[in-house]
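The structure under discussion appears below in the form of structure tokens.
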Amino acid sequence: MNRLVILCLFGLVAACNAQFAAASCWVPVPALSRIVFSTTQAGAPFQGTFHDYSGLVCMAAGGDSHIRVSVNTASVDTQLPELDTALRGPDFFDTRRWPQALFESEAVRPMGQGRYRVTGKLTLRDVTHEVNVPFTFTPMTDGNARLKGELSLERLDYHIGLGQWADTRWVGNQVELTFSIVVQPAAGK
Amino acid sequence: MHGPSQQPLIPLANTPMRYGIVAQTFHWIIVALVMLQFVLGIWAHALPISLERLILLARHKSIGFTIFGLVVLRLGWRLYSPPPPQPLVPHPVFRMAARLSHMLLYALLLSMPVIGWLLSSASNLTVSWFGLFSLPNLVRPDRRLAHWLLFTHQSMAWLLLAVVILHISAALWHHIILRDDVLLRMLPFTRSGSRTRNLP
């Protein structure tokens, strides 16, 4: 097992695939992970995070890979309590009606050297779009692994920021979602 | 028609008799911007979180940074072209008060934008100057620090208002009671010298 991990660290795909052939499944460890969204306000960069999410990442050499991540949108944190309240409200995530943002995929394509590309469905509020997310999957020596990647989206495609907030000059439309998620082997999977 | 020996109405640089065009322009542009800052700040503060407030505060921050730059240039100009001497006043205490209140005005005009910049940084809101460039964040986001900085910024605004009222009152006192040209020498379109009571 350890040697396999080390081989993975060196980016030997075959070894990693051998590991995933058993469809190893992983779950996130939020305390060690970060999901950050970056956009602009009044032309200046602006960042926030989501604290609360769960998921299951199963990597297999065959067609069995699947990824499912569910983010509790009420856990949005911009360090501005007033803004967080607005973001939970009806003009943004409307967390009462849609408490979860969801990403689901059964299409994970290895690109070599620990890199993958996942095509899946991202649902924010009641809007679903297909997205392509390149990411890296790096096994770590402690038996966990780190998933890193980023995804660019336009918030208005998902009806995030309605009414006055639809103005894209003052509130950027382009949003970068960056994630660095530590996953640990899922028990009993 | 001015003869070749006659001086233009207002010289570019300060003279012993009056402020020149440059110093007057600095003074009156900063007056207008500071008034605008009060309007934007108070208006934005009264609003709930909204796009309107975001826009007002973005303008407030851009103008605040502009004021800081103008005051720095103005002080540089003051070094290059010293202002007219202080006029005679009934008591040395008034001279002292004038000097202190002018120093306080400059200190507030320079420190309020910096406190505002710190406040924005502590609030996780990076400052952009009219959308053209962003200022670096001075501190990490910190709710308690932001709360304290907001209180400081507001207190300084009221102090500034008090000193401005004192400044205007003093100018009117000079003009109406002492009948010298302290007020006139900072006004465009007026000739000074007719009421001179300057110190030698």
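Nothing in this text is a laboratory measurement; each read-out follows from the coordinates by a stated rule. Fair warning: this is a prediction, and the values are worked out from it, not measured in the lab. As a convention, Cβ positions derive from the backbone with ideal geometry for all residues, glycine included, and neighbour counts pool all protein chains shown.
What the table shows:
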| read-out | value |
| --- | --- |
| 5 angstrom amide H check on A:Ser24, placed H, neighbours 5+ away | A:Met59 |
| Helical segments meeting 18 Å axial Cα length and Kyte-Doolittle 1.6 threshold in chain B (DSSP H) | B:21-46 |
| Rounded to whole Hz, the Karplus (6.51, -1.76, 1.60) HN-Hα couplings of segment A:31-36, x for glycine and proline | 4, 9, 10, 9, 10, 10 |
| Pairwise centroid distance, computed over Cα atoms, of segment A:51-72 with segment A:77-93, Å | 27 |
| Span from the segment B:30-81 Cα centroid across to the segment A:120-158 one, whole angstrom | 41 |
| Average other protein chain Cβ within 10 Å of Cβ, residues B:66-75 | 0 |
| Dipole of chain B, positive end: most advanced residue of B:Val71, B:Leu40, B:Leu119 [Cβ charges, Cα centre] | B:Val71 |
| Calculated from backbone phi, Karplus (6.51, -1.76, 1.60) coupling profile of segment A:43-52 in Hz, x at Gly/Pro | x, 10, x, 9, 10, x, 10, 10, 8, 10 |
| Backbone N within segment B:63-90 under 19 Å of label point (7 Å from B:Phe133 Cα along the Cβ vector) | B:63-74 |
| Under the Karplus curve 6.51 cos²θ - 1.76 cosθ + 1.60, θ = phi - 60°, whole-Hz ³J(HN,Hα) for segment A:126-140, x wherever Gly or Pro sits | 10, 10, 10, 9, 7, 10, 10, 10, x, 8, 10, 10, 10, x, 10 |
| Residues whose placed amide H lies under 5 Å from that of B:Phe130, excluding near-sequence neighbours | B:Ser62 |
| Label-to-label distance, nm, for residues given as A:Arg34 and B:Leu100 (7 Å Cα→Cβ offset) | 4.9 |
| Residues whose placed amide H lies under 5 Å from that of A:Met140, excluding near-sequence neighbours | A:Ala145, A:Arg146 |
| Partner chain coverage, peptide A:32-44 - average Cβ within 10 angstrom | 4 |
